[in-house]
Amino acid sequence: DYWFKMKKRVRSGDGIELSTICRQLKLEAPDGKMRETDCANVKALFRIIQSIPSPKAGL
């Protein structure tokens, strides 16, 4: 699973792992069950986006 591997691999500039800045909250799934879902605030989302490798990043 891409997200699982990315959380293990990526560290932000200050050494904090993505699994630390993302919180798991129980949210209702389409089947009606409460499932733990990774959630992040705006600051964490920007860190995640910046950590995605892209050949266009240097443009």
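Each residue, Y2 and C39, gets one label point 7 Å from its Cα in the Cβ direction; the gap between the two is 2.4 nm. Annotation: amide H-H contacts under 5 Å for T37 (H modelled 1.01 Å from N, sequence separation of 5 or more, or interchain): L25, K26, L27. Derived scalar couplings between HN and Hα for segment 24-30 equal 9, 10, 7, 10, 6, 8, x Hz in order, rounded to whole Hz, by the Karplus curve 6.51 cos²θ - 1.76 cosθ + 1.60 (θ = phi - 60°), x for Gly and Pro.
Inter-label distance, D31 to I49: 3.3 nm, where each label sits 7 Å from its Cα along the C-beta direction.
A short reminder: the numbers here are calculations on the coordinates, not readings from a lab. This one's a predicted model, so the numbers in the text were calculated from it and none came from an experiment. Note that we place each Cβ from the backbone using ideal geometry, even for glycine, and neighbour counts take in every protein chain shown.
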